[in-house]
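The values are calculated or read from the model by the stated rules, or taken from the named source; none is laboratory data. Note that the structure is a prediction, hence the values are computed from the model and not measured. Here the Cβ positions follow ideal geometry from the backbone for every residue, glycine too, while neighbour counts run over all protein chains shown.
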Amino acid sequence: MFPVVTLVAPILLAGCAGDASALDPAGPGARAIARLWWVMFFAAIVLFALVMGLFALVMLRPSVGARLPAGRWILWGGLVMPLPVLLALLFVSLAQGEHLLAREGDGDPLRIEAHARQWQWEFRYVDVEGGPVTTGVLHMPVDRPVDVVTVSADVIHSLWVPALGGKIDAVPGHRNHVRLLADRTGTFGGLCAEYCGTGHTTMRFEVQVHEPDAFLDLLERNFAE
């Protein structure tokens, strides 16, 4: 059993990396989501081990299970045993969720409008002189919060940059927003996380995070209208 796990584990862990991996975060918001995922993962392992342990006990020693009435099994196995784990998950999720909220004092957020349509993303930098627009590529400055406002021209889409933060729906007739923050430069993958038609799988975009001066120079020189 051990050699099999040793061989399979590197293959499974390789799926945790990549430019669109939520488990390879590049910002505080995505890092909070990743921490919550790992806590849930290990909590699930604990619950699974407890259930399988009880199952093995009653299978190997049926007399143990027979001595306890059914109501007690339901009470202790279905309520008392999972309750501490679920309460711990609730506490951790609330604590990590605080990292996803916009706060006063977080810095001067940059506003970017993300226009979704089948099957393309267009980004307008409303706080940059000239209101530049890029298609298929979202440019961001490092260490500066970015408020992405999503709008849709047709159906419901969902903007998600797994390495930088949570997802937000782009709903026709509504303006939703999500805050992204990158703490290192680089290129990250973005995608539509809501099935939106036959071209859904190709509705991806790229996020390029630059140093602040390079970010402004790039947009004002190459994309300003």
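For this structure, a couple of remarks:
- Within region 181-220, restricting attention to residues that are touching a helix residue (DSSP H, G or I) at 6+ places or on another chain (Cβ under 7 Å) and not in a loop (DSSP other than H, G, I, E, B), the residue that is farthest from LEU138 (Cα to Cα) is CYS192.
- Residue that is farther than 14 Å from ALA26 by Cβ, assigned by TED's automatic domain parsing to the domain that holds GLY131 and out of contact with any Lys or Arg (no Cβ under 6 Å at 6 or more places or on another chain), where the choices are ASP147, ASP169, ASP183, ASP143: ASP169
- From the list ARG67, ARG31, ARG61, the lone residue that is basic (Lys, Arg) and closer than 27 Å to GLY166 by Cα is ARG31.
- Matching option when the condition is modelled with pLDDT under 90 and in the same structural domain as GLY186 (by TED's automatic domain parsing), among GLY136, GLY130: GLY130
- Count of region 140-158 residues, restricted to those that are buried (at least 19 other Cβ atoms within 10 Å of the Cβ) and under 19 Å from the mean Cα position of the chain (by Cα), is 7.
- Matching entry among VAL4, VAL80, VAL46 (being modelled with pLDDT under 75, outside the structural domain of VAL209 (by TED's automatic domain parsing) and either basic (Lys, Arg) or more than 30 Å from VAL146 (Cα to Cα) (or both)): VAL4
- Residue within region 35-54 that is in a helix (DSSP H, G or I), in contact (Cβ under 8 Å) with a residue 60 or more places away in the chain, closer than 30 Å to ASP183 by Cα and under 21 Å from the mean Cα position of the chain (by Cα) present: yes
- Some residue of region 98-113 being closer than 23 Å to ALA193 by Cβ, in a loop (DSSP other than H, G, I, E, B), out of contact with any helix residue (DSSP H, G or I) (no Cβ under 8 Å at 6 or more places or on another chain) and at pLDDT below 80: yes
- Scanning region 72-85 for residues that are surrounded by 11 or more Cβ atoms within 10 Å (Cβ to Cβ), assigned to a helix (DSSP H, G or I), without any contact (Cβ under 8 Å) to a residue 40 or more places away in the chain and within 30 Å of the chain's Cα centre (by Cα) yields a count of 2.
- Taking region 174-197 as the range and being free of Cβ contacts under 8 Å to residues at least 40 places away in the same chain and among the hydroxyl-bearing types (Ser, Thr, Tyr) as the test, only TYR195 passes.
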